[in-house]
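Presented below is the structure to which this report refers.
The values are calculated or read from the model by the stated rules, or taken from the named source; none is laboratory data. What you see is a predicted model, and the numbers here were worked out from it, not measured in a lab.
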Amino acid sequence: MALERLTLPATLLAHIQRRKTLEDALRRALPEELGKHVFLLNVRGDTLVLGCDVQALITPLRFHAPRLLAAAGEILNEGGPVRVAWRTLPPPSPARSSQLHPRYPSPEIAEGIEAAARYVTDPALSSALHRLARAVGKRKPANTGR
């Protein structure tokens, strides 16, 4: 049995091409510095739903709504949308703090605390820093199974 090359149905290909054409027309209707941040999400009824990857650009982009609606109307030929709704991508989730910072202090940190304790003139603070250095030096990473 020979492997056959998969093809998409003609209607799906036409839909993809139409969306690409519409998105390109919308980007051309905007200044280049704004257009590169805009993407087509949907056309829902009379609403053109556009996305932007920078929240701060939404306000300047709102002033270009007439140009965007005109560009969409030329491509859609169905009366075209009459309003633009904007969405932003959620910001990327921050890396877990355990990935950013070591879970356990390094031996160098314990040595630094011990050195600081030797130069502190307050006996109570010096004693506390010595205890902290000993406690930090004793900690070893536990096997978490990760």
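Observations, loosely collected:
- The residue that is farthest from CYS52 (Cα to Cα), among those in the range 79-102 that are charged (D, E, K, R) and modelled with pLDDT of 70 or more, is ARG83.
- Within the option set THR21, THR59, being closer than 16 Å to ARG83 by Cα, modelled with pLDDT of 90 or more and among the polar types (S, T, N, Q) holds for one residue only, THR59.
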